[in-house]
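Data block below; observations after.
The values are calculated or read from the model by the stated rules, or taken from the named source; none is laboratory data. Here the structure is a predicted model, which means the values were calculated and not measured. Cβ atoms come from the backbone with ideal geometry, glycine included; neighbour counts cover every protein chain shown. In case anyone asks, the SASA skips ligands and DNA or RNA and just uses the protein heavy atoms, side chains included. Shrake-Rupley method; radii C 1.70, N 1.55, O 1.52, S 1.80 Å.
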Amino acid sequence: MTDPHLTLHQLFSPAFPVGAFAYSHGLETAVQEGGVGDAAALQAWVETVLRHGAGWSDAVLMAQSMEGDPEALSDLALALSPSSERRLETLLQGAAFARTVAEVWGVDLPDLAYPVAAGRAAALLDLPADPAIRLYLHAFAANLVGAGVRLVPLGQTDGQRIVSALAPLCAQLAGAALRADLDDLGGFAPLVDIASMRHETLYSRLFRS
């Protein structure tokens, strides 16, 4: 039998075809407007997204979807999207994730918002909850850092330092999400959300969000 931790690493690997590399989650706006221009600012931005933005909300939704109604939770995830691009981001990544999981592992996984699809997949494949959420958050953070490395630009070593520094926070949020309920859902990261909204009208864009 496959080691469940290896399955989790496969699911949240950059090689898994969800197209995450195409999305910056509003970071492209922050870089163009001068809000993020060095490694320290990038780390602070991604930490804010994890702690107070979509990172925390995704972690709670993922935890809840391991036992709850995935369709209702997916609708809730879409309702929480603060911009059309962020809504598209979670929809398209979730659909790509669900399609590949269904084809590779032969499970019934419909198109869902990305964190809900990830949680439902973990449940269907009987994968451990805490590592699943931790790796999801780590992959999310690493993808944003990778976008920042290209946009600022920064060196790859700077990017890896940031990812390493954020790893304990990913573990902390995963544990907290498993103890949370839907009343704990939500956050407050207005600059991140505004950057996402403004991205829709940027003159030139490398990313889809």
Quiz item: Identify, please: which residue in region 63-86 is farther than 23 Å from Ser24 by Cβ and not in a helix (DSSP H, G or I) and is, among those, most open to solvent (accessible area, probe 1.4 Å)?
Solution: Glu67
Self-check item: Answer residue from region 1-23, given it is hydroxyl-bearing (Ser, Thr, Tyr) and part of a loop (DSSP other than H, G, I, E, B) and is most open to solvent (accessible area, probe 1.4 Å) among those
Solution: Thr2
Quiz item: So Asp126 clears everything in (1) surrounded by 22 or more Cβ atoms within 10 Å (Cβ to Cβ); (2) of a type in the set (D, E, K, R); (3) part of a loop (DSSP other than H, G, I, E, B) except one condition, right? Which one?
Solution: (1)
Quiz item: Take the residues of region 87-123 that are under 30 Å from His199 (Cα atoms) and of a type in the set (Phe, Trp, Tyr): which is least open to solvent (accessible area, probe 1.4 Å)?
Solution: Phe97
Exercise. From the list Gln156, Gln172, pick out the single residue that is polar (S, T, N, Q) and farther than 30 Å from Met66 by Cβ.
Key: Gln156
Practice problem: Could you please find all residues in region 152-180 being of a type outside the set (Gly, Ala, Ser), in contact (Cβ under 8 Å) with a residue 24 or more places away in the chain and open to solvent by 30 Å² or more (accessible area, probe 1.4 Å)? | Solution: Val152, Leu154, Asp158, Arg161, Leu178
Quiz item: Between a first residue in region 182-207 that is β-branched (Val, Ile, Thr) and a second residue that is assigned to a loop (DSSP other than H, G, I, E, B) and open to solvent by less than 70 Å² (accessible area, probe 1.4 Å), which pairs have beta carbons less than 7 Å apart while being 6 or more apart in sequence or on different chains?
Solution: Val192/Gly26; Val192/Gly53
Quiz prompt | Leu206, sole failed condition from (1) of a type in the set (A, V, I, L, M); (2) assigned to a loop (DSSP other than H, G, I, E, B); (3) open to solvent by less than 80 Å² (accessible area, probe 1.4 Å) | solution = (3)
Exercise. Please specify each residue of region 59-95 satisfying the condition of being charged (D, E, K, R) and in contact with a Ser or Thr (Cβ under 9 Å, 6 or more places away or on another chain).
Key: Glu85, Arg86, Arg87, Glu89
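Counting only residues that are in a helix (DSSP H, G or I), under 17 Å from the mean Cα position of the chain (by Cα) and not charged (D, E, K, R), how many does region 166-196 have?
Result for region 166-196: 16.
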Self-check item: All positions within region 147-165 that are touching a helix residue (DSSP H, G or I) at 6+ places or on another chain (Cβ under 8 Å) and assigned to a loop (DSSP other than H, G, I, E, B)
Solution: Val152, Leu154, Gly155
Quiz prompt | Evaluation of Gln43 against (1) in a helix (DSSP H, G or I); (2) within 23 Å of Leu112 (Cα to Cα); (3) in contact with a helix residue (DSSP H, G or I) (Cβ under 8 Å, 6 or more places away or on another chain) (one fails), failing number | solution = (2)
